Amino acid sequence: MAKTRRASGEKSPWRWLWLPFKWVSILGFGYLLACSLLLLAYRWLPPPTTTVQLQRLAEHAVDGEPYRLSYSPVSEDAQDDDARHAVVASEDARFYLHHGFDLEEIRIAREQARARGTSPRGASTLTQQLVKNLFLTTHRSWIRKGFEVPLTFLAELILPKERILTLYLNVAEWGPGIFGLDAAARHHYGTSASSLTREQSARLVAVLPAPLSRSPQEMGRTSTRILTRMRQMGW
């Protein structure tokens, strides 16, 4: 019977289910390949823009609001050491120990959520946050998570740890239209990324979890905790 259908040229109904899957797979693989090539370039070159920057431009265009983008990536040597230490101490204490995903932090988050009866809190590493800023958006979805996992592994495979940290500090969002440590330092303190004080660095890093609603001037308590954690880590 099946042979008769094939001989008569009748198409299987499964073909219509396979075609969308095939094209989605091709597009997804092509996107990951393009991101891999960009990550390879970003080992030495600064990203000209990021998807989160484009997202913010699109959001303001839809709302009909003016939007000024301040983005000035700098080299590792031009980033204050205290700022680099502060972001690790605050955002990803095991940054130099994991390979993209902090399994211990994920376990702790799940246990705490189970005890409280709530959803697990975010346990994103700096590498995860970097690929989100470079290639994804701030919108939470299973599609974003689906791309975030392989992109995180690719970033860890292609980029040295110090380069991941440099790139993250260069593309992170620090306020409306403010991207990168240097732009944040100039906007909030009128100085460069290399001239930040220890206190200024901690206050800027304290803004990162909610950059559109926080200001460094209001982060005294949080910055104190970050400074304490830095000392505990030997910085």
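With contacts taken as Cα pairs under 8 Å and at least 6 residues apart, region 162-235 reaches a relative contact order of 23 percent. The alpha-carbon of LYS161 sits under 16 angstrom from the alpha-carbons of these aspartates and glutamates, leaving out residues fewer than 8 places away in its chain: GLU76, ASP77, ASP81, GLU91, ASP92, ASP102. For the peptides 127-139, 214-226, 60-72, the ranking by mean Cβ contacts within 10 Å, running from highest to lowest, is 127-139, 214-226, 60-72.
Along region 46-60 the Karplus relation, 6.51 cos²θ - 1.76 cosθ + 1.60 evaluated at θ = phi - 60°, assigns HN-Hα couplings of x, x, x, 6, 9, 5, 5, 4, 5, 4, 5, 4, 5, 4, 6 Hz to successive residues, with x for each Gly and Pro. The mean sequence separation of alpha-carbon pairs under 8 Å and at least six residues apart, normalised by the residue count of the chain, gives a relative contact order of 25 percent. Taking 0.36 nm per residue of sequence separation and removing the Cα-Cα distance, the GLU199/HIS139 pair yields an extension gain of 18.5 nm. Other residues with beta-carbon under 14 Å from the beta-carbon of LEU45 carry, at +1 per Lys or Arg and -1 per Asp or Glu, a net charge of +1. Centre-to-centre, using Cα atoms only, region 133-193 and region 56-72 are separated by 18 Å.
Here's how it looks for SER194: its modeled amide H is under 5 Å from those of ASP80, which are all 5 or more places away or on a different chain.
Whole-Hz Karplus values for region 94-103 come out as 9, 3, 7, 10, 8, 10, x, 10, 8, 4 Hz, taken residue by residue from phi with 6.51 cos²θ - 1.76 cosθ + 1.60 and θ = phi - 60°; glycine and proline positions read x. Calculated mean residue ellipticity at 222 nm for the chain: -19000 deg cm²/dmol, from DSSP H runs with n ≥ 4 weighted as -39500 (n - 2.57), summed, divided by the residue count and rounded to 500. Modelled label positions at LEU103 and GLN217, each set 7 Å beyond Cα in the direction of Cβ, lie 4.6 nm from each other. Computed about the Cα centre, the dipole magnitude for region 23-87 is approximately 320 debye when only Lys and Arg (+1) and Asp and Glu (-1) carry charge, each at its Cβ. Above 32 Å, the calculated P(r) of the chain contains 28 percent of its Cα-Cα pairs.
Charged side chains reduced to their Cβ positions (Lys and Arg at +1, Asp and Glu at -1) give region 158-211 a dipole of some 80 debye around its Cα centre.
We did not get these values from a lab; they are worked out from the coordinates using the rules stated. For clarity, every value in this text was computed on a predicted model and none was experimentally measured. Using ideal geometry, Cβ is built from the backbone for each residue, glycine included, and neighbour counts are taken over all protein chains shown.
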